[in-house]
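Below is one structure, written out as structure tokens; the observations come after it.
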2 protein chains.
Amino acid sequence: MTVTIPAATKSAVGDTQEATQETTLEALRKSRDAVLPVMREAVGRLDDTSRAITSYHLGWTDIDGAPTTGQGGKAIRPALATLSAQAAGASAEVGLPGAVAVELVHNFSLVHDDLMDGDTERRHRPTVWAVWGAPSAILTGDAMLALAQEVLLERGTAEAIGAARLLAETTRRLIHGQVLDVEFEQRDDVTLPECVTMAAGKTGALLSASAAIGAVLAGAPAAVVDALSAFGEELGLAFQLVDDVLGIWGDPAVTGKSVFSDLRSHKKSLPVTFATTHGGAAGRELAAWLAGEEASDEPELARIAGLVETAGGREWATAEAERRMASALRALAEVSMPEGPRSDLGALARFIVTREA
Amino acid sequence: MTVTIPAATKSAVGDTQEATQETTLEALRKSRDAVLPVMREAVGRLDDTSRAITSYHLGWTDIDGAPTTGQGGKAIRPALATLSAQAAGASAEVGLPGAVAVELVHNFSLVHDDLMDGDTERRHRPTVWAVWGAPSAILTGDAMLALAQEVLLERGTAEAIGAARLLAETTRRLIHGQVLDVEFEQRDDVTLPECVTMAAGKTGALLSASAAIGAVLAGAPAAVVDALSAFGEELGLAFQLVDDVLGIWGDPAVTGKSVFSDLRSHKKSLPVTFATTHGGAAGRELAAWLAGEEASDEPELARIAGLVETAGGREWATAEAERRMASALRALAEVSMPEGPRSDLGALARFIVTREA
């Protein structure tokens, strides 16, 4: 699936999409290289067991603790954090404590989420709880959350304290999103605004903080911080909408998930919730199937995916992702910042949202 | 069980034990009354679900959300925090954000611990996970941990930042203690120093932070903060030793636990670990029984408790609790502070350690 970026905003952030993709991959590699030693130093402060499990989860080691050649995740949040410092006119280095902190919070939530969802695989490897059990997954997540704050607090500057406060508020919103996600599984009457609030918490909050935390560390004016926050928040929703579309119609070979995976787990995703609440007869049929909670075979799931599409869920989600993306880029365009970081942030945003196209 | 306070230290903190007990109960009530509105305000910031579950866990409401007449726990940590501010010459109010923060961290760890241990009851009520399930227990604990930091960070003063840093380091030590606790269940070769490190993390770290955080918030000199930290740390170990003795030989009617409860769960507590590592033939017999992990009936548990006693575990733990308590009171005596708070801290320490006598 490809999200089309409105031409006006596209020209505002420059470059062709292909050249940008290459540049962005290079920028992500550079950012990951800069963040890695600071991240390793922070993780090194954990007790032996929490450090070993965290190193495995981050893709640095295998189950037995031997170093891997893998690179772990794409580290999109740290890249946003270092670009955010540059957007405020500071060096990427200024954003590093923020980059480490947001990556730790992100991974805390992944480790706890995998346990809560009973997911046994992440990035083609067994999840932490699947290897070491539930108590270790709970404690390792807890340790990462506490460490994220410690990394910022030990800097001790007024800017680092501001970043720590942003992180604490963000964590509260993130947890709220997860709480709603758990609740929605038990409910048949989830509205579209409720579903958007959930996605804003689960995905928007931390991307917003990632895009702003470097600027906070650089002591940027409130207008710049607010613009970057809004950019990250809208980007997060665009990303979630695309992710939800891929969760139903994505190519398993590309997404690494089973075909129709979100339907298989009866997930009340954004396109599904649009369909059940705005989709007429097809939407009502979909809602009845969701409430039934029966396991379905692949032809049945294909029929259900068709219902989401007929009910307008796919079209709405795709269009809404484009609207959110345009809104993100507008937020970026409306405030004064150096053109290099502005262009890089726009390119990174497009990369995030058009991934697995 | 009664821990005898050495006469020299007893006179240093004044009063007779009976009068002190009464005064301490009154002081705990006063402290709880002062902390409660600040605690409610903080918890009020959580999302609806996390707030409802936290209110239940804290004993403010029942499962349906109706207010209870109960008072929740004894709130020992908040009392230490407000006394800590007074020890630094400030008012109790100065310690309130610290009191709320340590109580939130304490309760975060209880909610996660109950889930990890599979405990279905706490303070004669069903535990959070037993009522709302594992995901809600994980998320509510996470929310309390994040909120603890937020309460301190929003003050924004240099002192509050110092307190936030103390709390982050403390949380790391607390989690380390829990990690060791989980590991020890799988091991047959736990040494006494390892067991002490575990208890220092699980119990000492947060009592130490509680006793120091008010002074940190009051901007006290390092010598005062360090003395209060050492006092709390030693007090924590004394408390854990007494708690472990009660976990084997305590009166079920008083402790609220089943008879021999820690032996029933094969817990490698401090007296048990002393016995297996320093207890000769009886200790080796005890170690073999622990490794067997079979369920035992009450006569068998009574025999095992006899082994711990013969191996010297009970005598050592009782004597070590007295040594730690004396060490705690010495730390308090060695630094300059107003006599009122010094005496109150000593009395509170004795109350904590001689509870359920």
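The values are calculated or read from the model by the stated rules, or taken from the named source; none is laboratory data. Keep in mind it's a predicted model, so treat the numbers as computed, not measured. Positions of Cβ are backbone-derived with ideal geometry, glycine not excepted, and every protein chain shown enters the neighbour counts.
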Only one residue in B:THR170, B:THR197 is polar (S, T, N, Q), under 16 Å from the mean Cα position of the chain (by Cα), surrounded by fewer than 24 Cβ atoms within 10 Å (Cβ to Cβ) and within 13 Å of chain A (Cβ to nearest Cβ). Which one?
B:THR197
Report whether or not B:VAL3 is modelled with pLDDT of 80 or more, crowded, with 16+ Cβ neighbours inside 10 Å, in contact with a Leu (Cβ under 9 Å, 6 or more places away or on another chain) and under 29 Å from B:THR255 (Cα atoms).
no
Which members of region B:117-130 meet the condition of being surrounded by fewer than 21 Cβ atoms within 10 Å (Cβ to Cβ), assigned to a helix (DSSP H, G or I) and within 13 Å of chain A (Cβ to nearest Cβ)?
B:ASP117
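Please specify each residue of region B:112-132 satisfying the condition of being in contact with a strand residue (DSSP E or B) (Cβ under 8 Å, 6 or more places away or on another chain) and among the hydrophobic types (A, V, I, L, M, F, W, C). Write out each step before concluding.
Here is the first cut: in region B:112-132, the residues in contact with a strand residue (DSSP E or B) (Cβ under 8 Å, 6 or more places away or on another chain) are B:114, B:120, B:127, B:130.
Answer for region B:112-132, where residues must be in contact with a strand residue (DSSP E or B) (Cβ under 8 Å, 6 or more places away or on another chain) and among the hydrophobic types (A, V, I, L, M, F, W, C): just B:ALA130.
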Go through (1) outside any helix (DSSP H, G or I); (2) over 24 Å from A:ALA34 (Cβ atoms) for A:ASP142 and report which single condition fails.
(1)
Going through region B:148-167 in order, the residues found to be more than 7 Å from every other protein chain (Cβ to nearest Cβ) and either acidic (Asp, Glu) or assigned to a helix (DSSP H, G or I) (or both) are B:ALA148, B:VAL151, B:LEU152, B:ALA158, B:GLU159, B:ALA160, B:GLY162, B:ALA163, B:LEU166, B:LEU167
So, in region B:174-194, of the ones that are under 21 Å from A:ALA143 (Cβ atoms), among the charged types (D, E, K, R) and surrounded by fewer than 20 Cβ atoms within 10 Å (Cβ to Cβ), which residue ends up modelled with the highest pLDDT?
B:GLU194
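Would you point out which residue out of A:GLY133, A:GLY141 is at the interface with chain B (Cβ under 9 Å from one of its Cβ atoms), surrounded by fewer than 24 Cβ atoms within 10 Å (Cβ to Cβ) and closer than 21 Å to A:ASP62 by Cα? Please lay out each step first, then the result.
Numbers: A:GLY141 fails: surrounded by fewer than 24 Cβ atoms within 10 Å (Cβ to Cβ).
Sole residue among the options that is at the interface with chain B (Cβ under 9 Å from one of its Cβ atoms), surrounded by fewer than 24 Cβ atoms within 10 Å (Cβ to Cβ) and closer than 21 Å to A:ASP62 by Cα: A:GLY133.
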I'd like to verify a number: residues in region B:82-125 that are without any contact (Cβ under 8 Å) to a residue 60 or more places away in the chain and β-branched (Val, Ile, Thr), how many?
2
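Specify which of the listed residues (B:ALA220, B:ALA215, B:ALA209) is within 22 Å of B:PRO338 (Cβ to Cβ), surrounded by 24 or more Cβ atoms within 10 Å (Cβ to Cβ), at pLDDT 95 or above and within 14 Å of chain A (Cβ to nearest Cβ).
Details: B:ALA220 fails: within 14 Å of chain A (Cβ to nearest Cβ); B:ALA215 fails: within 14 Å of chain A (Cβ to nearest Cβ).
Answer to the check: B:ALA209.
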For A:ALA101, work out the one condition from (1) closer than 26 Å to A:VAL254 by Cα; (2) buried (at least 24 other Cβ atoms within 10 Å of the Cβ); (3) within 14 Å of chain B (Cβ to nearest Cβ) it doesn't fulfil.
(1)
